[in-house]
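Enquirer: One structure follows; several queries about it will come next.
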Amino acid sequence: MKESFLEISEVKKSFGEGQARQEVLRGMNFTVGKGEFCVLLGPSGSGKSTLLNIIGGIDTPDSGYVSINGDKLEEMKEKELTMYRRKHLGYVFQMYNLIPNLNVKENIEVGAYLSDNPLDVEEVLTTLGLQDHKYKYPNQLSGGQQQRVSIGRAVVKNPDILLCDEPTGALDYKTSKEILGLIEECNSKFGSTVIMVTHNEAIKYMADHVIKLRDGVVRHNDINSEKITAAELEW
């Protein structure tokens, strides 16, 4: 296992008050190595997206802590946390959230502007198969092409961690496999640690590290010694 880079320690999170209070995370504990492709796997309601939002500094735990490369997020002031998200984290969501009046290249450049050490925009366009589409606007693209652009915008920042929340949830089978292959390529080519939330059991076979969640706790924490490529996945 690679050296610990992301540490989740006794993280708990509840929503609501009184009788309506619901414990979503009940004491999460695990570590992820630098450069790993890690899948958080579990059914709806298992706490996956809540945990991802806490790792991304979008939400805060009730107790416990998240540490990235030795820095505890809870110890950062709001301005520090904003800068940390901006400089060190890339986000890929199920919804593409592209800027409609910017073309493909400009949408990706938005990510580059947020980084002190961005990747080359043209290289990212080439890696994601977007060179022929770089002057098109989001409404001229298919769903799969729009998701490629959202990956490009996240990856071009050269983030330490790429957070992916059900990135293929709105896509068909063929396009889903293409998108997973691109995230896989970005992980190996650019070295970002990938944390991907999914309920699709098949995706675990392409990961270095699989963490299964149920009812707000870690049920299994496995290192995958014989992973396969995204292209080989079937479901």
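Enquirer: Could you tell me whether any residue of region 153-163 is surrounded by fewer than 18 Cβ atoms within 10 Å (Cβ to Cβ) and either touching a Phe, Trp or Tyr at 6+ places or on another chain (Cβ under 6 Å) or outside any helix (DSSP H, G or I) (or both)?
Expert: no
Enquirer: Out of the residues in region 198-212 that are at pLDDT 95 or above and in a strand (DSSP E or B), which is nearest to Gly33 (Cα to Cα)?
Expert: Taking the candidates together, the pick is His209.
Enquirer: While we're on this one: Select, from Leu89, Leu102, Leu128, the only residue that is over 28 Å from Ser67 (Cβ atoms), modelled with pLDDT of 90 or more and within 18 Å of the chain's Cα centre (by Cα).
Expert: Leu128
Enquirer: Restricted to region 164-174, and to residues that are assigned to a loop (DSSP other than H, G, I, E, B) and hydrophobic (A, V, I, L, M, F, W, C), which residue is surrounded by the most Cβ atoms within 10 Å (Cβ to Cβ)?
Expert: Among those that are assigned to a loop (DSSP other than H, G, I, E, B) and hydrophobic (A, V, I, L, M, F, W, C), it is Leu171.
Enquirer: Taking Leu119, is it part of a loop (DSSP other than H, G, I, E, B) and either under 22 Å from Thr193 (Cβ atoms) or among the charged types (D, E, K, R) (or both)?
Expert: yes
Enquirer: In region 48-70, how many are surrounded by 13 or more Cβ atoms within 10 Å (Cβ to Cβ) and either among the aliphatic types (A, V, I, L, M) or under 15 Å from His88 (Cβ atoms) (or both)?
Expert: Final tally of qualifying residues: 11.
Enquirer: Additional query: Identify, please: which residue in region 125-144 is touching a Pro at 6+ places or on another chain (Cβ under 9 Å) and not in a loop (DSSP other than H, G, I, E, B) and is, among those, surrounded by the fewest Cβ atoms within 10 Å (Cβ to Cβ)?
Expert: Going through the qualifying residues, I end up with Asn139.
Enquirer: Also, I was wondering about something else. Exactly one of these conditions fails for Glu184: (1) in a strand (DSSP E or B); (2) of a type in the set (Asp, Glu); (3) over 30 Å from Ser14 (Cβ atoms). Give me its number.
Expert: The failed condition is (1).
Enquirer: Condition test on Asp222, is it of a type in the set (Asp, Glu), touching a residue at least 60 places away in the same chain (Cβ under 8 Å) and closer than 30 Å to Glu23 by Cβ?
Expert: For Asp222, the condition - of a type in the set (Asp, Glu), touching a residue at least 60 places away in the same chain (Cβ under 8 Å) and closer than 30 Å to Glu23 by Cβ - is not met.
The values are calculated or read from the model by the stated rules, or taken from the named source; none is laboratory data. None of the values given here were measured: they were computed from a predicted structure. Methodologically, a virtual Cβ is constructed for each residue, glycine included, from the backbone with ideal geometry; neighbour enumeration extends over all protein chains shown.
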